[in-house]
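A quick write-up on the structure given underneath.
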Amino acid sequence: MLKHKKHKMTLLAACVGASSLAVSIPGWAQNNGEEETLTVTADGSSTHGEGYVAKQSKTGSRTNASVLATPQSLSVIGRDELTDRNVQTTTEALRYTPGVFASTSAVSSRFDYFSLRGFDATLNGALLDGLRSTTAQSYVRYQPYGLESIDVLRGPSGFLYGVGSPGGVVNGISKHPTEQPLHEVGVQLGNHDRYQGQFDFSGPVNDDKTLLYRLVGVGRDSNTQFNNVPDDTAYIAPSLTWQPDGDTTLTLLTSFSRDKFGPPRNFTPIYGTLLSNPNGKLPRDVYLDNSGLDNHMNQTNIGYEFDHRFDDVWSFHSASRYTYNDLLTQTWSGTRLAADMRTLNRAAYQFAIKGKVWATDNNVKAHWDAGSVTGTTVLGVGYRHTGEDYYLNYGAAPSVDIYRPTYGGSFSAATPFTSTYQSADETGVYLGNTLALAERLMLDLSAREDWASVSTDNRLKSTSTSQDDHHFTWRAGLTWLTDSGVAPYVSYTTSFAPVLGTNFYGETFKPTTGKQIETGVKYQPESFDGLFTLAWFNLEQNNVSTTDPNNNLNTVQTGQVTSKGIEASAAANLTPAMKVIASYTWNDLETTKSTVAGAQGKTPTGMPEQMASLWADYSIQQGPLTSLGLGAGVRYVGKTWADTNNSIRVPDYTLFDAALHYDLGELDRSLRGVKLAVNANNLFNKNYYSSCSTTTCSQGFDRTLTATVSYRW
């Protein structure tokens with residue numbers, strides 16, 4: 001469907017002749033006149049030691065590259081930060097990350113909702129161990145306790161992962177078996193009748209440590225700030241690693257979960273929340289759906305990771321995963337507020353999605369040295385098959401008085417509205433290359449060609465449609481590694497995503513495309529463990545669907561959205577006692593081309609222009625209060641717009657978080673390994689709206705309090 005120009009093939013050929021991800025750079029650092037070697041890449045998963053500072057990540061390059069040498073904005077949220085903040089969802093984990101808006105999910109906690117640089121990445125930007133498990137309408141929800149870290153690569157990444165959001169990807173890294181024995185159990189209690197238990201066991205199975213295991217589990221029974229909305233989960237994740245020698249590793253990764261939650265976001269009318277209502281202000285805990293509805297999701301993941309090193313030059317990596325999602329949703333959804341401004345008309349909806357995904361990625365790497373030039377060439381192929389069985393039924397539902405809601409009554413949604421089966425196949429061939437030139441200059445040339453086909457069977461209309469797309473994406477980047485730890489960089493990256501369906505004339509849509517230029521500087525000081533980044537980006541999405549000005553029943557792809565901005569971040573382990581993370585985002589998001597009246601030149605709805613955050617954790621190292629720790633955080637989210645004309649303003653808000661933790665072993669040696677932690681999010685119970693449209697608003701999270709007792713041995 002897409003025609004390729006000659007310069008694309010020239011670039012691909014140039015990538016073949018180049019190399020990727022430098023192995024080592026002699027002379028990058030000097031110490032007392034002795035030459036040292038900076039290791040830039042290594043095989044394996046994301047590397048994150050103790051504290052808040054990440055050194056390496058696989059997410060930005062398909063190899064375990066240095067974060068400093070990656071020519072693109074990359075953040076890593078490590079295990080220590082996830083634990084200190086007592087993160088309960090992936091969305092929650094992203095709250096202190098620059099360029100990420102993770103507040104639109106309200107309190108249903110159904111899925112992991114987030115936007116990167118102003119573009120929604122919930123569907124095409126959610127990865128687990130480098131593989132995507134979503135279907136067209138089946139999103140995912142990853143358990144943070146089962147993750148070792150969460151990587152955030154901002155900007156187009158089609159050259160790595162194929163179909164994707166122009167804003168970037170969020171990649172969860174699963175906990176893997178460890179050679180060192182690990183045993184941890186914990187119990188959590190919290191407001192909203194929260195009860196949770198969790199455990200994490202790992203270690204060798206045999207004496208020679210060729211067989212390792214890990215078993216992670218979470219069980220939770222909880223309400224939310226809305227009494228009729230549960231937040232229950234049952235999660236188990238067994239994994240096994242076989243490493244017969246130092247060159248071969250095979251890891252089996254599985255997880256099984258069942259989540260019970262509320263209907264899709266608790267929307268309330270905009271009149272009585274953001275806008276005035278003659279009947280008064282609605283209480284923040286008002287719930288306008290029904291009680292006793294069945295909303296749940298079962299998720300299964302079964303996969304493997306295989307690595308083999310043939311010699312000092314060649315290695316092979318293979319990863320695959322099968323995912324099955326079974327989602328059921330029931331809701332009495334509001335449709336229209338009556339003239340009395342208090343009666344909300346509703347309709348009953350039930351939809352179910354059974355989604356299955358088989359995703360695999362395989363590549364070979366060649367680490368090589370050609371005199372003054374060193375590098376690693378990565379050549380690989382990825383494939384993804386999805387199948388999604390979806391239906392939507394509707395029915396009648398009673399209206400509700402939004403100021404005096406009552407609950408009860410039987411649920412019925414028996415009239416079919418949609419019933420489809422959709423299958424999709426995506427295949428991509430990629431080549432990742434970075435050269436180490438003149439010891440300090442890193443040149444990245446990476447490219448990928450993708451083919452995507454989708455077929456949809458409409459069972460109600462007895463019709464079938466199919467669509468085929470292919471697209472070329474690439475990245476070119478330069479990074480200069482100085483002796484002082486300063487690394488300025490510049491990069492150009494692209495992305496694409498198919499647009500399903502046809503226009504009024506039966507023609508299939510073109511994929512949306514993204515392109516970005518980014519320049520910035522990263523700094524890794526020698527005097528303490530830290531990483532500081534500053535980035536400027538100019539991102540553009542094209543082929544955006546908009547109404548045909550000559551036929552309002554038709555859709556044309558002449559729309560364009562641009563995203564320009566600055567991101568700054570800091571992560572530092574200042575001392576053994578003090579850890580800090582901070583971020584600032586300025587994002588000028590604009591609809592630059594649109595046929596929708598009043599939309600052109602305006603900011604897309606729901607996206608803030610400014611965000612900022614700061615989190616610090618300090619532990620006393622000596623004296624009678626040794627091991628007593630205090631964490632404190634502040635998060636600011638700027639104003640957003642509820643309508644395309646930017647006439648309805650959603651106010652900005654500032655939230656405070658806090659934590660207190662203590663090692664009880666300091667009180668009594670018999671309690672060694674027992675830790676007590678108390679966490680508070682939205683400490684002062686700020687009332688705010690996470691998102692609004694022209695008719696509805698979604699209430700933000702109220703104050704949550706949890707107390708955790710854990711024992712580790």
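The values are calculated or read from the model by the stated rules, or taken from the named source; none is laboratory data. Keep in mind the model is a prediction, meaning the values are calculated, not measured. As a convention, Cβ positions derive from the backbone with ideal geometry for all residues, glycine included, and neighbour counts pool all protein chains shown.
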query = Mind checking whether some residue in region 414-422 is of a type in the set (A, V, I, L, M) and within 30 Å of Asn301 (Cβ to Cβ)?
reply = no
request  = Please verify whether region 429-440 includes one or more residues that are touching a Ser or Thr at 6+ places or on another chain (Cβ under 8 Å), exposed (fewer than 15 other Cβ atoms within 10 Å of the Cβ) and farther than 21 Å from Phe351 by Cβ.
outcome  = yes
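Hey, could you check region 120-143 for residues that are of a type in the set (D, E, K, R) and closer than 14 Å to Asn301 by Cα and say which is modelled with the lowest pLDDT?
Arg141
Within region 260-282, count every residue that is among the small types (Gly, Ala, Ser) and within 30 Å of Asp221 (Cα to Cα).
Of the residues in region 260-282, 1 are among the small types (Gly, Ala, Ser) and within 30 Å of Asp221 (Cα to Cα).
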task = Working only within region 301-315, note down all residues that are closer than 30 Å to Phe261 by Cα and loosely packed, with under 15 Cβ neighbours inside 10 Å.
result = Ile302
note = By residue number, the members of region 146-176 that are surrounded by fewer than 24 Cβ atoms within 10 Å (Cβ to Cβ) and more than 20 Å from Ala359 (Cα to Cα) are Glu148
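To keep it simple, each residue is scored yes or no on (1) touching a residue at least 12 places away in the same chain (Cβ under 8 Å); (2) surrounded by fewer than 21 Cβ atoms within 10 Å (Cβ to Cβ).
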| position | (1), (2) |
| --- | --- |
| Asn393 | yes, yes |
| Arg448 | yes, no |
| Ala452 | yes, no |
| Lys461 | no, yes |
| Leu481 | yes, no |
| Pro488 | yes, yes |
| Thr502 | yes, yes |
note = Output for Cβ contacts, cut-off 9 Å, separation at least six or different chains, first residue within 21 Å of Ser318 (Cα to Cα) in region 130-156, second in a loop (DSSP other than H, G, I, E, B) and of a type in the set (Phe, Trp, Tyr), reads Ile150/Tyr142
message = Among the residues of region 107-114, are any within 27 Å of Glu540 (Cβ to Cβ), in contact with a strand residue (DSSP E or B) (Cβ under 8 Å, 6 or more places away or on another chain), modelled with pLDDT of 95 or more and not aromatic (Phe, Trp, Tyr)?
response = no
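Taking the residues in region 242-271 that are assigned to a strand (DSSP E or B) and under 30 Å from Thr343 (Cα atoms) as candidates, determine which candidate is nearest to the chain's Cα centre (by Cα).
Lys260
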query = So which strands (runs of 3 or more DSSP E) are wholly in region 528-612 and hold at least 2 residues that are at pLDDT 95 or above and among the hydroxyl-bearing types (Ser, Thr, Tyr)?
reply = 551-573, 578-593
inquiry  = I'd like to know if region 216-226 contains one or more residues that are in contact with a Gly (Cβ under 6 Å, 6 or more places away or on another chain) and surrounded by fewer than 17 Cβ atoms within 10 Å (Cβ to Cβ).
reply    = yes
inquiry  = Here's a check for you: in region 292-316, which residue that is β-branched (Val, Ile, Thr) and either in contact with a Cys (Cβ under 8 Å, 6 or more places away or on another chain) or assigned to a strand (DSSP E or B) (or both) is farthest from Leu379 (Cα to Cα)?
reply    = Thr300
request  = For region 407-427, enumerate the residues that are part of a strand (DSSP E or B) and over 35 Å from the mean Cα position of the chain (by Cα).
outcome  = Thr415
request  = Answer yes or no: is there a residue in region 509-522 that is among the aromatic types (Phe, Trp, Tyr) and in contact with a Leu (Cβ under 7 Å, 6 or more places away or on another chain).
outcome  = no
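How many residues does region 364-376 contain that are surrounded by 20 or more Cβ atoms within 10 Å (Cβ to Cβ) and within 27 Å of Asn124 (Cβ to Cβ)?
Here the count works out to 1.
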inquiry  = Only one of Asp469, Asp483, Asp457 is part of a loop (DSSP other than H, G, I, E, B), acidic (Asp, Glu) and out of contact with any Gly (no Cβ under 7 Å at 6 or more places or on another chain). Can you tell me which?
reply    = Asp483
